1. Given the range 220-379, what percent of its DSSP beta bridges are antiparallel, to the nearest 5?
2. So, with +1 on the Cβ of K and R and -1 on the Cβ of D and E, and no other charges, what is the size of the charge dipole of the range 220-379 about its Cα centre, to the nearest 20 debye?
3. Going by amide H atoms built from the backbone, whose H comes under 5 Å of the H on Phe131, apart from near neighbours?
4. Report, in whole Å, the centroid distance computed from the Cα atoms of the range 153-168 and the range 235-298.
5. Expressed as a whole percent, how much of the Cα-Cα distance distribution for the chain exceeds 33 Å?
6. Can you tell me how much longer the chain between Arg172 and Gln189 gets when fully stretched, taken as 0.36 nm per residue apart minus their C-alpha distance, in nm with one decimal?
7. If you filter the range 156-224 for GluC sites (Glu not before Pro), then keep DSSP loop positions with at most 16 other Cβ within 10 Å, what is left?
8. Going through the DSSP H helices of the chain, which span 18 Å or more along their own axis at the Cα atoms while scoring at least -0.5 as a mean Kyte-Doolittle hydropathy?
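All of the numbers you see were taken from the coordinates with simple rules; none came from a lab. Given the structure is predicted, the values throughout are model-derived calculations rather than measurements. Methodologically, a virtual Cβ is constructed for each residue, glycine included, from the backbone with ideal geometry; neighbour enumeration extends over all protein chains shown.
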Amino acid sequence: MSTTTGAHVAVLTVGATGHLLPVLDVITELRARGHRVTCFAPDVAGPAAQRAGADVVTYESTLVTRPSSSPPSDFAVWLPFVLVAEAAAVVPQVIAVLRGDVPDVLLYDRAAHPAGRALAQLLDRPAVALFPSFAQGPAWSLAAATGQTSVLDPAHPAFTPLQDQLDQFSARWGVEGITVRDLAEAREQRSIAFLPRWFQCNGDGFGTDHHFVGPCLGSRLGTGPAGHERLVYVSAGTAAAEPETVRSLVRSAAAAAPNHRVLVSTGGFPVAALGTVPDRVEAHEHVDQLAALAQADLFVTHAGMGSVMEALWFAVPMVCAPRTSEQHLVAARVEALGLGVNLSDGSGPSGDGMARMLDLAHDRMMRERLRAASAKVRAAGGRRAAVDAVEAALPSDRNGGGA
């Protein structure tokens, strides 16, 4: 670990919960080491970043919620245009501040790739991309893994309009051009991914400038000892969780586990939307997920990377009911490693399937695999490893290599 103190770190983040949570822990560690942090965040994320210790500058975001009825192919075309429009809106807000207070290094969320690349060049500072889920680049990409060429295909009708918008954005700021593939993979020389290298698809294909630090949970972990009760925890995440989906998961969990309490997080929609539930079911709009997982026998999850990493931290077996293409890959990885089951057809778990999983949760081999995975997740380094990587990216006159 570097002994550098007093560097100025700029962080460009987004408001989505799964993207924001690990960054907050990194900010906390940066501040603990004596660095100053300026965090650019939308209004919804500002208070949390401030509590973590950052000087917060809020920006007006143009991001909109993903259409709930959009099929994956349509979403894969819609999202890149949204990200380019967001970059066009964000860069002028951020550069106006940072030109008067230039940072030593810039961290940016992978969803802010065009803005992050432009800002790093305009400020002539090193940048580090932050991946809340699988890292991407020449070694591995989501599009290639799912076979969804969509807008990445030059023959696709959206390819040329998207490249035109990227070219206009780059020309507006006088920076190096960004290709459609650059945008899709958030290509950057240095990156931090919040999962262990062994869980990353083709993790060994990424070089040493790409750091796999595992989950960053330090500031959210409880101080009491973890101990299991007869609990099934159900959550479909906070991004576009739908009442019908959660209701199906809850009913299956309650039917399969008649002797377990079922704790449910709706992800934000009103509990009343679940309708009538058994007495053993306790539902809330939001749940302290780490506290729940510290007690749970089984986790029924949408297979968001953050949730999966948290489950592995506590060695909790998973029933994965993924929705997005990325979640399907995470769920497939969980199943391939023998850490849970993947209900990839999207039909939702049956009571029989849940019951089998409860049996597996008490299987000796399953428990051993989960304990081993938990040990490896905890050994990945978390926020300390992340800040080590940030300090390694500092210019030589700020990391001990200069005068």
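1. Percentage antiparallel, nearest 5: 0.
2. 440 debye
3. Answer set, sorted by chain and number: Ile192, Ala193, Phe194.
4. Computed from Cα coordinates, the inter-centre distance equals 42 Å.
5. Distances greater than 33 Å cover 32 percent of the Cα pairs.
6. 3.8 nm
7. Glu176
8. For the chain, where a helix must reach 18 Å along its axis and average at least -0.5, the hits are 17-32, 72-98, 243-256.
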